[in-house]
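Taking it in order: structure first as structure tokens, then the write-up.
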Amino acid sequence: MNFAQPLIPATLIRRYKRFLADCRLVDGQEITAHCANPGSMMGLADPGMKVWLEPNDDPKKKLKYGWRLVEHADGHFTGVDTSVPNRALRAALEAGEVAELAAYKTVRPEVKYGANSRIDFLLQQDGLPDCYVEVKSVTLSRQPGLAEFPDSVTARGTKHLGELANIVEQGHRAVMLYLVQRTDCERFQLAADIDPAYADAFASAYAAGVEKLVLGTRITPQGVEVAGPLSRE
């Protein structure tokens with residue numbers, strides 16, 4: 001998945017009201033960018049960080065920049081836009097590039113299911129059980145090489161795990177897919193200390209037959225692509 005417009009570098013001044021970020025462009029101009037991430041962004045919103053912004057000339061948008069990446073001091077990247085994983089994953093699923101799900105040829109995004117919810121992807125194929133795939137963007141890293149989810153309490157995520165367990169009970173296949181939007185991590189685990197209820201809900205869902213899939217990403221200022229599986233702890 002390539003970005004629609006070439007990204008430009010900037011320096012983060014501050015993130016506030018969850019969806020706003022003041023940044024300084026290389027020419028010194030200060031602008032406000034849209035931050036498409038409702039999470040805590042722990043470790044990713046410190047003033048002075050190098051960020052990458054996507055400009056736009058859409059007259060319907062009040063903000064003319066969208067915050068897409070953080071570039072770390074070691075040259076690694078983290079994707080902060082939570083809409084990117086589904087776009088990148090859809091392209092990978094349709095191309096059959098996710099080996100564990102490649103047998104499914106029909107990919108339907110945002111299908112209603114459960115109690116007033118929408119599954120990120122419903123995969124279908126003759127002769128196979130329907131496969132419900134819930135996607136979570138992973139950006140937290142508190143230890144070198146280790147990615148964690150969630151970065152804050154997520155009641156919505158806990159609800160989704162219960163609904164996936166119900167899907168398995170109905171005879172379908174359910175996959176909890178964690179897409180790690182960091183290039184500096186090789187391992188993944190749940191952040192049980194941040195949200196014990198989510199960790200407990202995952203353990204119950206996993207015991208009920210919900211599958212766990214953790215995939216990495218290749219990230220550059222040009223775009224984001226789904227990479228292979230990460231090791232799990």
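The values are calculated or read from the model by the stated rules, or taken from the named source; none is laboratory data. All figures in this text were calculated on a predicted structure; none of them were measured in a lab. In this analysis, Cβ positions are derived from the backbone assuming ideal geometry, glycine residues included, and neighbour counts consider all displayed protein chains. Areas reflect the complete protein model, heavy atoms only, side chains present, ligands, DNA and RNA absent. Shrake-Rupley method; radii C 1.70, N 1.55, O 1.52, S 1.80 Å.
Worth a mention:
- Structure-derived semi-axes √(5λ) of the Cα gyration tensor in Å - corresponding label in [x] 31, 19, 16; [y] 25, 20, 18; [z] 42, 17, 15: [x]
- Each residue was assigned an accessible area with a 1.4 Å probe, and for K112 the value is about 150 Å².
- Accessible area, probe 1.4 Å, largest first, for residues Y178, Y65: Y65, Y178
- Centroid-to-centroid separation of segment 1-74 and segment 163-182 [C-alpha atoms, Å]: 31 Å
- Beta bridges by DSSP in segment 86-233, antiparallel share as percent, to the nearest 5: 45 percent
- Using the 1.4 Å probe convention, the accessible area of segment 134-223 works out to 39 Å² per residue with neighbouring protein chains retained.
- Helix-only mean residue ellipticity at 222 nm for the chain, each DSSP H run of n ≥ 4 adding -39500 (n - 2.57), per residue, nearest 500: -5000 deg cm²/dmol
- For H76, H160, the ranking by accessible surface with the largest value first comes to H76, H160, using a 1.4 Å probe.
- Since only Y198, Q181, A208 are under comparison, the one whose Cα sits farthest along the positive direction of the charge dipole of segment 150-233, derived from C-beta charges on Lys, Arg, Asp and Glu, is Q181.
- J(HN,Hα) series, segment 4-17, from Karplus relation 6.51 cos²θ - 1.76 cosθ + 1.60, nearest Hz, glycine and proline x: 5, 10, x, 6, 10, x, 7, 10, 6, 8, 6, 10, 8, 6
- On the chain, 50 percent of the accessible area sits on carbon and sulfur atoms, based on a 1.4 Å probe.
- Close amide H partners of V138, meaning residues 5 or more places away or on another chain with modelled amide H under 5 Å apart, are L179, V180, Q181.
- Relative to the longest principal axis of the Cα atoms of the chain, the long axis of helix 155-169 lies at roughly 30 degrees.
- Near the amide H of V214, within less than 5 Å, lie the amide hydrogens of Y178, L230, all on another chain or at least 5 residues away, with H placed in the peptide plane.
- Taking Cα centre as origin and charging only the Cβ of basic (Lys, Arg, +1) and acidic (Asp, Glu, -1) residues, the dipole magnitude of the chain rounds to 620 debye.
- Under Karplus coefficients 6.51, -1.76 and 1.60, residue-wise ³J(HN,Hα) of segment 136-146 in Hz, glycine/proline x: 10, 7, 10, 10, 7, 8, 9, 10, x, x, 10
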